[in-house]
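Before any comments, here is the structure.
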Amino acid sequence: MAKLNRLHFWLLVALNIVFLLVGQAAAVILGRFYYEKGGNSKWMATVVQTAAFPLLFIPYLFISSPQTHSEASNRPSIITVSVVYLVIGVLVAGDNMLYSIGLLYLSASTYSLICATQLVFSAVISYFLNHQKFTALIMNSVVVLSLSASLLAVNEDSDKPPGVTKSKYVIGFLVTLAASAMYALLLSLMQLSFQKVLKKETFSVVLEMQIYTAIVATAVSTVGLFASGEWKTLHGEMGSFTAGKLAYVMTLVWTAIAWQICSVGVVGLVFVVSSLFSNVISTLSLAITPIASVIILHDTLNGVKAIAMLMAIWGFCTYIYQNYVDDLKASKAPSAVDDTPNESRSC
(Lines give C-alpha, C1' and ligand atoms only; values in the text may rest on other atoms or scores of the structure.)
Protein backbone atom coordinates (compact mmCIF):
# COMPACT_ATOMS: atom_id res chain seq x y z
CA MET A 1 0.00 0.00 0.00
CA ALA A 2 2.87 2.38 0.78
CA LYS A 3 4.34 1.77 -2.70
CA LEU A 4 0.95 2.28 -4.32
CA ASN A 5 0.47 5.52 -2.40
CA ARG A 6 3.86 6.81 -3.52
CA LEU A 7 3.11 5.81 -7.11
CA HIS A 8 -0.25 7.58 -6.91
CA PHE A 9 1.48 10.67 -5.51
CA TRP A 10 4.04 10.88 -8.31
CA LEU A 11 1.42 10.21 -10.98
CA LEU A 12 -0.62 13.14 -9.66
CA VAL A 13 2.51 15.31 -9.59
CA ALA A 14 3.40 14.36 -13.19
CA LEU A 15 -0.15 14.99 -14.45
CA ASN A 16 -0.33 18.41 -12.85
CA ILE A 17 3.13 19.30 -14.18
CA VAL A 18 1.96 18.54 -17.74
CA PHE A 19 -1.19 20.65 -17.23
CA LEU A 20 0.83 23.57 -15.93
CA LEU A 21 3.61 23.48 -18.54
CA VAL A 22 1.37 23.09 -21.58
CA GLY A 23 -1.36 25.42 -20.33
CA GLN A 24 0.88 28.30 -19.28
CA ALA A 25 3.06 28.25 -22.39
CA ALA A 26 0.03 28.16 -24.69
CA ALA A 27 -1.78 30.89 -22.75
CA VAL A 28 1.18 33.30 -22.83
CA ILE A 29 1.80 32.75 -26.54
CA LEU A 30 -1.88 33.22 -27.40
CA GLY A 31 -2.08 36.30 -25.17
CA ARG A 32 0.85 37.91 -26.98
CA PHE A 33 -0.65 36.85 -30.33
CA TYR A 34 -3.89 38.65 -29.37
CA TYR A 35 -2.03 41.92 -28.80
CA GLU A 36 0.22 41.59 -31.85
CA LYS A 37 -2.69 41.07 -34.25
CA GLY A 38 -4.63 44.12 -33.11
CA GLY A 39 -6.25 43.25 -29.78
CA ASN A 40 -5.99 46.06 -27.24
CA SER A 41 -8.55 45.38 -24.50
CA LYS A 42 -6.77 44.75 -21.20
CA TRP A 43 -10.03 43.82 -19.48
CA MET A 44 -10.91 41.27 -22.17
CA ALA A 45 -7.46 39.73 -21.77
CA THR A 46 -8.20 39.58 -18.04
CA VAL A 47 -11.65 38.03 -18.43
CA VAL A 48 -10.45 35.15 -20.59
CA GLN A 49 -7.96 34.07 -17.91
CA THR A 50 -10.80 32.69 -15.78
CA ALA A 51 -13.88 32.69 -18.07
CA ALA A 52 -13.54 29.00 -19.00
CA PHE A 53 -14.17 27.83 -15.42
CA PRO A 54 -17.31 25.82 -16.44
CA LEU A 55 -14.95 23.28 -18.03
CA LEU A 56 -13.76 22.38 -14.54
CA PHE A 57 -17.18 20.96 -13.68
CA ILE A 58 -16.44 18.02 -16.02
CA PRO A 59 -13.55 16.56 -13.98
CA TYR A 60 -15.27 17.66 -10.77
CA LEU A 61 -18.25 15.39 -11.44
CA PHE A 62 -15.96 12.38 -11.98
CA ILE A 63 -13.29 13.03 -9.35
CA SER A 64 -15.49 14.15 -6.45
CA SER A 65 -15.41 11.65 -3.59
CA PRO A 66 -18.10 11.07 -0.94
CA GLN A 67 -17.62 12.67 2.45
CA THR A 68 -16.99 10.59 5.53
CA HIS A 69 -18.76 11.35 8.80
CA SER A 70 -15.61 12.88 10.31
CA GLU A 71 -15.08 15.11 7.28
CA ALA A 72 -18.67 16.31 7.38
CA SER A 73 -18.42 17.14 11.10
CA ASN A 74 -15.16 19.08 10.64
CA ARG A 75 -16.39 21.00 7.62
CA PRO A 76 -16.03 24.80 8.07
CA SER A 77 -19.09 27.03 7.92
CA ILE A 78 -20.42 28.25 4.59
CA ILE A 79 -19.70 31.84 5.59
CA THR A 80 -16.05 31.06 6.32
CA VAL A 81 -15.56 29.20 3.04
CA SER A 82 -17.38 31.92 1.10
CA VAL A 83 -15.12 34.61 2.56
CA VAL A 84 -12.03 32.59 1.60
CA TYR A 85 -13.25 32.13 -1.98
CA LEU A 86 -14.31 35.78 -2.25
CA VAL A 87 -10.98 37.20 -1.03
CA ILE A 88 -8.87 34.88 -3.17
CA GLY A 89 -11.14 35.45 -6.19
CA VAL A 90 -10.80 39.24 -5.97
CA LEU A 91 -7.02 38.91 -5.64
CA VAL A 92 -6.95 36.61 -8.68
CA ALA A 93 -8.85 39.20 -10.74
CA GLY A 94 -6.42 41.94 -9.72
CA ASP A 95 -3.41 39.72 -10.43
CA ASN A 96 -4.77 38.78 -13.85
CA MET A 97 -5.22 42.45 -14.71
CA LEU A 98 -1.61 43.17 -13.81
CA TYR A 99 -0.44 40.29 -15.99
CA SER A 100 -2.57 41.58 -18.89
CA ILE A 101 -0.95 45.01 -18.69
CA GLY A 102 2.51 43.47 -18.51
CA LEU A 103 1.95 41.28 -21.55
CA LEU A 104 0.66 44.29 -23.49
CA TYR A 105 3.93 46.20 -23.06
CA LEU A 106 6.44 43.30 -23.10
CA SER A 107 7.42 40.57 -25.53
CA ALA A 108 6.42 37.00 -24.63
CA SER A 109 9.96 36.00 -23.67
CA THR A 110 10.67 39.10 -21.56
CA TYR A 111 7.31 38.78 -19.86
CA SER A 112 7.90 35.12 -19.03
CA LEU A 113 11.37 35.74 -17.65
CA ILE A 114 10.24 38.56 -15.36
CA CYS A 115 7.47 36.28 -14.10
CA ALA A 116 10.18 33.86 -12.96
CA THR A 117 10.85 36.21 -10.03
CA GLN A 118 7.69 34.81 -8.44
CA LEU A 119 9.89 31.96 -7.15
CA VAL A 120 11.87 34.38 -4.99
CA PHE A 121 8.70 36.00 -3.65
CA SER A 122 7.20 32.58 -2.96
CA ALA A 123 10.27 31.43 -1.04
CA VAL A 124 9.95 34.39 1.35
CA ILE A 125 6.16 34.27 1.68
CA SER A 126 6.06 30.48 2.15
CA TYR A 127 8.66 30.74 4.91
CA PHE A 128 6.41 33.05 6.95
CA LEU A 129 2.93 31.79 6.03
CA ASN A 130 3.46 28.06 5.44
CA HIS A 131 6.55 27.39 7.60
CA GLN A 132 8.41 25.81 4.68
CA LYS A 133 11.95 24.57 5.28
CA PHE A 134 14.96 25.12 3.03
CA THR A 135 17.80 22.75 2.24
CA ALA A 136 21.01 23.27 0.27
CA LEU A 137 19.41 21.68 -2.81
CA ILE A 138 16.35 23.90 -2.62
CA MET A 139 18.48 27.01 -2.15
CA ASN A 140 20.57 25.95 -5.14
CA SER A 141 17.39 25.57 -7.19
CA VAL A 142 16.14 29.02 -6.22
CA VAL A 143 19.48 30.69 -6.94
CA VAL A 144 20.04 28.93 -10.27
CA LEU A 145 16.52 29.65 -11.51
CA SER A 146 16.79 33.29 -10.46
CA LEU A 147 20.15 33.66 -12.21
CA SER A 148 18.69 32.03 -15.30
CA ALA A 149 15.85 34.54 -15.39
CA SER A 150 18.22 37.44 -14.71
CA LEU A 151 20.53 36.38 -17.52
CA LEU A 152 17.68 36.25 -19.99
CA ALA A 153 16.19 39.48 -18.69
CA VAL A 154 19.45 41.32 -19.34
CA ASN A 155 19.63 39.80 -22.81
CA GLU A 156 16.06 40.87 -23.58
CA ASP A 157 16.41 44.36 -22.10
CA SER A 158 15.84 46.16 -25.40
CA ASP A 159 13.29 43.69 -26.79
CA LYS A 160 10.13 45.79 -26.94
CA PRO A 161 7.02 45.15 -29.05
CA PRO A 162 6.44 47.59 -31.94
CA GLY A 163 5.00 50.92 -30.81
CA VAL A 164 5.92 50.46 -27.14
CA THR A 165 7.84 53.42 -25.71
CA LYS A 166 10.54 53.17 -23.07
CA SER A 167 8.19 54.47 -20.36
CA LYS A 168 5.55 51.88 -21.22
CA TYR A 169 8.23 49.20 -21.22
CA VAL A 170 9.21 50.22 -17.68
CA ILE A 171 5.55 50.18 -16.64
CA GLY A 172 5.18 46.71 -18.09
CA PHE A 173 8.29 45.54 -16.24
CA LEU A 174 7.16 46.92 -12.86
CA VAL A 175 3.57 45.74 -13.26
CA THR A 176 4.68 42.21 -14.16
CA LEU A 177 7.03 42.21 -11.17
CA ALA A 178 4.14 43.23 -8.90
CA ALA A 179 1.92 40.55 -10.47
CA SER A 180 4.59 37.93 -9.74
CA ALA A 181 4.68 38.94 -6.08
CA MET A 182 0.89 38.81 -5.83
CA TYR A 183 0.83 35.43 -7.57
CA ALA A 184 3.27 34.00 -5.02
CA LEU A 185 1.06 35.37 -2.23
CA LEU A 186 -1.99 33.73 -3.81
CA LEU A 187 -0.32 30.31 -3.91
CA SER A 188 0.65 30.55 -0.24
CA LEU A 189 -2.85 31.70 0.73
CA MET A 190 -4.32 28.73 -1.13
CA GLN A 191 -2.03 26.31 0.66
CA LEU A 192 -2.84 27.96 3.99
CA SER A 193 -6.56 27.63 3.21
CA PHE A 194 -6.18 23.92 2.50
CA GLN A 195 -4.31 23.40 5.77
CA LYS A 196 -6.20 25.64 8.18
CA VAL A 197 -9.71 26.16 6.77
CA LEU A 198 -10.80 23.42 4.36
CA LYS A 199 -8.83 20.60 6.06
CA LYS A 200 -9.77 18.01 3.43
CA GLU A 201 -7.33 15.93 1.40
CA THR A 202 -9.35 15.25 -1.76
CA PHE A 203 -8.71 16.53 -5.25
CA SER A 204 -12.31 17.70 -5.43
CA VAL A 205 -11.42 20.37 -2.87
CA VAL A 206 -8.74 21.66 -5.25
CA LEU A 207 -11.28 21.89 -8.06
CA GLU A 208 -13.79 23.61 -5.80
CA MET A 209 -11.18 26.19 -4.88
CA GLN A 210 -10.42 26.82 -8.55
CA ILE A 211 -14.07 26.91 -9.66
CA TYR A 212 -15.43 29.27 -7.03
CA THR A 213 -12.48 31.66 -7.07
CA ALA A 214 -12.68 31.72 -10.88
CA ILE A 215 -16.37 32.60 -10.67
CA VAL A 216 -15.55 35.56 -8.43
CA ALA A 217 -12.60 36.63 -10.59
CA THR A 218 -14.66 36.41 -13.79
CA ALA A 219 -17.46 38.46 -12.24
CA VAL A 220 -15.02 41.16 -11.07
CA SER A 221 -13.27 41.24 -14.47
CA THR A 222 -16.58 41.44 -16.35
CA VAL A 223 -17.68 44.38 -14.20
CA GLY A 224 -14.36 46.05 -15.00
CA LEU A 225 -14.85 45.41 -18.72
CA PHE A 226 -18.21 47.19 -18.74
CA ALA A 227 -17.33 49.88 -16.20
CA SER A 228 -14.24 50.90 -18.18
CA GLY A 229 -16.21 51.14 -21.43
CA GLU A 230 -13.84 48.79 -23.25
CA TRP A 231 -16.77 46.56 -24.22
CA LYS A 232 -17.81 49.23 -26.73
CA THR A 233 -14.58 48.78 -28.70
CA LEU A 234 -14.73 44.96 -28.96
CA HIS A 235 -16.75 44.89 -32.20
CA GLY A 236 -14.34 47.24 -33.94
CA GLU A 237 -11.41 45.34 -32.47
CA MET A 238 -12.72 42.11 -33.98
CA GLY A 239 -13.14 43.73 -37.37
CA SER A 240 -9.62 45.16 -37.38
CA PHE A 241 -7.96 41.97 -36.13
CA THR A 242 -5.35 41.30 -38.81
CA ALA A 243 -5.70 37.51 -38.58
CA GLY A 244 -9.47 37.67 -39.21
CA LYS A 245 -12.66 37.57 -37.15
CA LEU A 246 -12.63 33.79 -36.73
CA ALA A 247 -9.03 33.90 -35.53
CA TYR A 248 -10.01 36.64 -33.06
CA VAL A 249 -12.72 34.48 -31.50
CA MET A 250 -10.62 31.31 -31.50
CA THR A 251 -7.68 33.16 -29.92
CA LEU A 252 -9.83 34.28 -27.00
CA VAL A 253 -11.52 30.88 -26.63
CA TRP A 254 -8.30 28.86 -26.63
CA THR A 255 -6.59 31.38 -24.37
CA ALA A 256 -9.38 30.86 -21.86
CA ILE A 257 -9.11 27.06 -22.12
CA ALA A 258 -5.31 27.13 -21.80
CA TRP A 259 -5.46 29.27 -18.66
CA GLN A 260 -7.86 26.83 -17.00
CA ILE A 261 -5.64 23.88 -17.84
CA CYS A 262 -2.74 25.79 -16.33
CA SER A 263 -4.77 26.70 -13.24
CA VAL A 264 -5.66 23.07 -12.56
CA GLY A 265 -1.97 22.23 -12.65
CA VAL A 266 -1.02 25.14 -10.39
CA VAL A 267 -3.63 24.48 -7.71
CA GLY A 268 -3.10 20.72 -7.99
CA LEU A 269 0.62 21.09 -7.26
CA VAL A 270 -0.10 23.42 -4.35
CA PHE A 271 -2.38 20.75 -2.90
CA VAL A 272 -0.26 17.67 -3.67
CA VAL A 273 3.16 19.18 -2.85
CA SER A 274 3.47 22.86 -1.86
CA SER A 275 3.23 26.40 -3.17
CA LEU A 276 7.00 26.67 -3.62
CA PHE A 277 7.09 23.48 -5.71
CA SER A 278 4.26 24.85 -7.83
CA ASN A 279 6.29 28.01 -8.36
CA VAL A 280 9.35 26.00 -9.40
CA ILE A 281 7.34 24.20 -12.09
CA SER A 282 5.84 27.52 -13.15
CA THR A 283 9.35 28.87 -13.51
CA LEU A 284 10.28 25.89 -15.68
CA SER A 285 7.31 26.73 -17.88
CA LEU A 286 8.56 30.29 -18.14
CA ALA A 287 11.87 28.90 -19.40
CA ILE A 288 10.02 26.80 -21.97
CA THR A 289 7.89 29.70 -23.22
CA PRO A 290 10.77 31.40 -25.11
CA ILE A 291 11.21 28.15 -27.07
CA ALA A 292 7.54 28.27 -28.00
CA SER A 293 8.04 31.91 -28.98
CA VAL A 294 10.81 30.89 -31.36
CA ILE A 295 8.61 28.30 -33.03
CA ILE A 296 5.31 30.21 -33.14
CA LEU A 297 6.21 33.91 -32.97
CA HIS A 298 9.56 33.50 -34.74
CA ASP A 299 11.65 35.01 -31.97
CA THR A 300 15.42 34.65 -32.12
CA LEU A 301 17.05 31.98 -29.95
CA ASN A 302 20.63 33.05 -29.25
CA GLY A 303 23.37 31.51 -27.13
CA VAL A 304 22.44 33.45 -24.00
CA LYS A 305 18.89 32.13 -24.09
CA ALA A 306 20.10 28.56 -24.62
CA ILE A 307 22.47 28.74 -21.63
CA ALA A 308 19.80 30.29 -19.42
CA MET A 309 17.31 27.57 -20.32
CA LEU A 310 19.86 24.88 -19.42
CA MET A 311 20.34 26.59 -16.07
CA ALA A 312 16.59 26.59 -15.52
CA ILE A 313 16.40 22.87 -16.26
CA TRP A 314 19.29 22.29 -13.84
CA GLY A 315 17.44 24.15 -11.08
CA PHE A 316 14.26 22.25 -11.83
CA CYS A 317 16.03 18.85 -11.63
CA THR A 318 17.66 19.85 -8.34
CA TYR A 319 14.30 20.62 -6.79
CA ILE A 320 12.74 17.42 -8.12
CA TYR A 321 15.62 15.42 -6.64
CA GLN A 322 15.11 17.04 -3.23
CA ASN A 323 11.46 16.04 -3.28
CA TYR A 324 12.47 12.51 -4.30
CA VAL A 325 14.81 12.35 -1.28
CA ASP A 326 12.01 13.62 0.97
CA ASP A 327 9.70 10.96 -0.42
CA LEU A 328 12.23 8.21 0.39
CA LYS A 329 12.60 9.50 3.95
CA ALA A 330 8.82 9.64 4.34
CA SER A 331 8.45 6.01 3.19
CA LYS A 332 11.00 4.85 5.79
CA ALA A 333 9.35 6.74 8.64
CA PRO A 334 5.59 6.79 7.94
CA SER A 335 4.57 7.33 11.53
CA ALA A 336 6.70 10.44 11.86
CA VAL A 337 5.28 11.83 8.63
CA ASP A 338 1.73 11.17 9.72
CA ASP A 339 2.31 13.11 12.94
CA THR A 340 3.67 16.23 11.22
CA PRO A 341 2.70 16.14 7.56
CA ASN A 342 3.16 19.82 6.84
CA GLU A 343 6.37 20.61 8.66
CA SER A 344 8.38 17.53 7.56
CA ARG A 345 8.56 18.29 3.85
CA SER A 346 11.50 20.43 2.70
CA CYS A 347 10.27 23.04 0.24
Where residue 40 falls short, out of the listed (1) open to solvent by 60 Å² or more (accessible area, probe 1.4 Å); (2) modelled with pLDDT of 85 or more; (3) part of a helix (DSSP H, G or I): (3)
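A quick yes/no check of all residues on (1) of a type in the set (Phe, Trp, Tyr); (2) modelled with pLDDT of 80 or more; (3) assigned to a helix (DSSP H, G or I):
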residue	(1), (2), (3)
148	no, no, yes
154	no, no, yes
157	no, no, no
164	no, yes, no
175	no, yes, yes
188	no, yes, yes
192	no, yes, yes
197	no, yes, yes
Condition check for residue 221: on the phi < 0 side of the Ramachandran plot, modelled with pLDDT under 85, of a type outside the set (Phe, Trp, Tyr) and crowded, with 19+ Cβ neighbours inside 10 Å: no
Among the residues listed as 233, 242, 251, the single one being open to solvent by 20 Å² or more (accessible area, probe 1.4 Å) and assigned to a helix (DSSP H, G or I): 233
Residue that is nearest to residue 125 (Cα to Cα), among those in region 168-217 that are hydroxyl-bearing (Ser, Thr, Tyr) and open to solvent by 20 Å² or more (accessible area, probe 1.4 Å): 183
Contacts under 9 angstrom Cβ, first residue in region 76-103 being over 24 Å from residue 32 (Cβ atoms) and of a type in the set (Lys, Arg), partner open to solvent by less than 50 Å² (accessible area, probe 1.4 Å) and not in a helix (DSSP H, G or I), 6 or more apart: none
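The values are calculated or read from the model by the stated rules, or taken from the named source; none is laboratory data. These numbers come from a predicted model, not from an experiment. Neighbour counts run over all protein chains shown; Cβ positions are idealised from the backbone, glycine included. Accessible surface is based on the protein model in full, side chains and every heavy atom, while ligands, DNA and RNA are left aside. Shrake-Rupley method; radii C 1.70, N 1.55, O 1.52, S 1.80 Å.
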